[in-house]
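In what follows, a structure is listed as structure tokens, so that the remarks can point back to it.
Read-outs throughout are calculated quantities, based only on the coordinates presented, and are distinct from any laboratory measurement. None of the values given here were measured: they were computed from a predicted structure. Glycine also receives a Cβ, built like all others from the backbone with ideal geometry; neighbour counts cover every protein chain displayed.
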């Protein structure tokens, strides 16, 4: 009796038909909007809630997941695994993204940065580009592989980590240090590349696949002088000593590098246009980021301080030596009253080769969808978790197959971060196709 009554009840509630199931694209968008609404700003960088969110989706699909709390109660990393169904000795393919985002000042945003608002064909929100859209793209890839029972001759892993925005200490670095045996991939697919329109070429779409990144070197310069009364100027003013040193450093011309990846970019793309991105990837760069001086709180205007300091965000080409760069900086300053302190430097890594089966599949799949586009390995000017894996000899590529313009790229860490909706929804299919083509190429 119950079997006959239940359908009638459902029809009374919903009418003659059951509610339509969301399409794959709609499902992905729903997940991404929920993900963006979880505030994972770093600091403090709490990722336990977001890890549990991803875990709940994966477990509903029957995909094995494990949470690793690197800071119990606040910071967590998530590992999901689709195990190989065909015997082989191949190492896993790892899909990597970070859950933490940089802070957002709601007063500077035109929309709620954690509202995941759809407007004018874009999905707005902190993390939309950096890099929760990647995470949902990876999630949907794992889900689809599972739903379609794709035969696998290697494990496919999804790793969502904390702390990328502050160096990966309790995220990728912590997982590698403590649980590398659970990972041990042959390949990593991470962030760093997009389909770029108007950035690497004036007339071609370039799908940039990051294979290397510049090395971070953060320096603090401290000038020592003599304190005094502001009414009586002195030459031994710490502020003036520091400003003179900074002027010499920042006016020093940068030399264009000759890295193999840059040569390959030129071969594939041609002459690169001159913009801040292309300048940044072709030479070592220095950005003045903070200045600090003064006596008292708030600092007294009529007091000359004896100490003044500044911080410099230096980014070095992958084959450059930090020690040599610091020595060059010291020689350029040429003033013993300036102390140079290394605040942080990232790990040294080799570039990932673009002569691999996976890179060839990436290129062929992208060219199928965009025949006129160029696919090229690139150096990126910022740091990612891929460096942690490259240091262990793992081949790591950064790519989200979404075409973006310079203003969208410029919204990363800005107050207008957004991703084109059509590009994201098309990109989840292309990314899945890349992974599927790579796996099917290998399975006999």
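A Förster radius of 35 Å, combined with the Cβ-Cβ distance separating residue 239 from residue 279, puts the computed FRET efficiency at roughly 0.75. Put in order of Cβ neighbour count within 10 Å, fewest first, the listed residues 129, 175 become 175, 129.
The stretch between residue 186 and residue 34 holds 51.6 nm of extra length on full extension. This uses 0.36 nm per residue minus the Cα-Cα distance. How far is helix 2-14 tilted, in degrees, relative to the longest principal axis of the Cα atoms in the chain, given as a value from 0 to 90 rounded to the nearest 10? Computed tilt is about 50 degrees.
Over the stretch 298-417, the fraction of Cα-Cα pairs per 5 Å bin, rounded to whole percents and listed from the shortest bin up, is 2, 7, 13, 14, 13, 14, 11, 9, 6, 4, 3, 2, 1, 0. Ranked by how many other Cβ atoms sit within 10 Å of their own Cβ, fewest first, the residues 179, 259, 97 fall in the order 179, 259, 97. With respect to the chain, whose longest principal axis is taken over its alpha-carbon atoms, helix 260-269 is tilted by about 60°. Fewest neighbouring Cβ atoms within 10 Å first, the residues 137, 47, 349 line up as 349, 137, 47. Per the Cauchy relation, a quarter of the hull surface: what is the mean projected area of the convex hull of the alpha carbons in the stretch 394-444, in nm²? Reported value for the Cα convex hull: 4.9 nm². Scoring 72-80, 24-32 by mean Cβ neighbours within 10 Å over their residues and listing the highest first yields 72-80, 24-32. Rg/Rh, computed from the Cα trace of the chain with Rh as the Kirkwood radius, has the value 1.04. Judged by the gyration tensor of its Cα atoms, with axes a ≥ b ≥ c, the stretch 138-294 is oblate; a/c meets the 1.5 cut and b/c is at least as large as a/b. Full extension of the chain between residue 107 and residue 295 gives 64.6 nm of extra length, using 0.36 nm per residue less the Cα-Cα distance.
Rounded to whole Å, the principal axis extents of the Cα atoms in the stretch 213-345 read 61, 26, 23, largest first.
Where does helix 322-333 land angle-wise versus the long Cα axis of the chain, in degrees 0 to 90, nearest 10? Helix 322-333 sits roughly 30 degrees off the main axis of the chain. What shape does the stretch 94-139 have by the C-alpha gyration tensor, where a ≥ b ≥ c are the square roots of the eigenvalues, rounded means a/c under 1.5, and otherwise prolate means a/b greater than b/c and oblate the rest? Because a/c hits 1.5 or more and a/b fails to exceed b/c, the stretch 94-139 counts as oblate.
Each of residue 248 and residue 25 was given a label point 7 Å from its Cα along the Cα-to-Cβ line. The distance between the two points is 5.9 nm. Calculated mean residue ellipticity at 222 nm for the chain: -10000 deg cm²/dmol, from DSSP H runs with n ≥ 4 weighted as -39500 (n - 2.57), summed, divided by the residue count and rounded to 500. Highest GNM mean-square fluctuation, the chain, Cα pairs closer than 10 Å: which of 39, 313, 335? The residue that fluctuates most here is 335.
Largest mean-square fluctuation among 199, 36, 221, in a Gaussian network model of the chain whose springs join Cα atoms under 10 Å apart, belongs to 221. Counting 0.36 nm for each residue step from residue 353 to residue 422 and taking away their Cα separation leaves a gain of 21.7 nm.
Summary of packing: across the peptides 104-116, 50-62, the per-residue average of other C-beta atoms within 10 Å ranks them, highest first, as 50-62, 104-116. Spin-label pair residue 218-residue 263: with each label point 7 Å from Cα along the Cα-Cβ axis, the two points sit 3.4 nm from one another.
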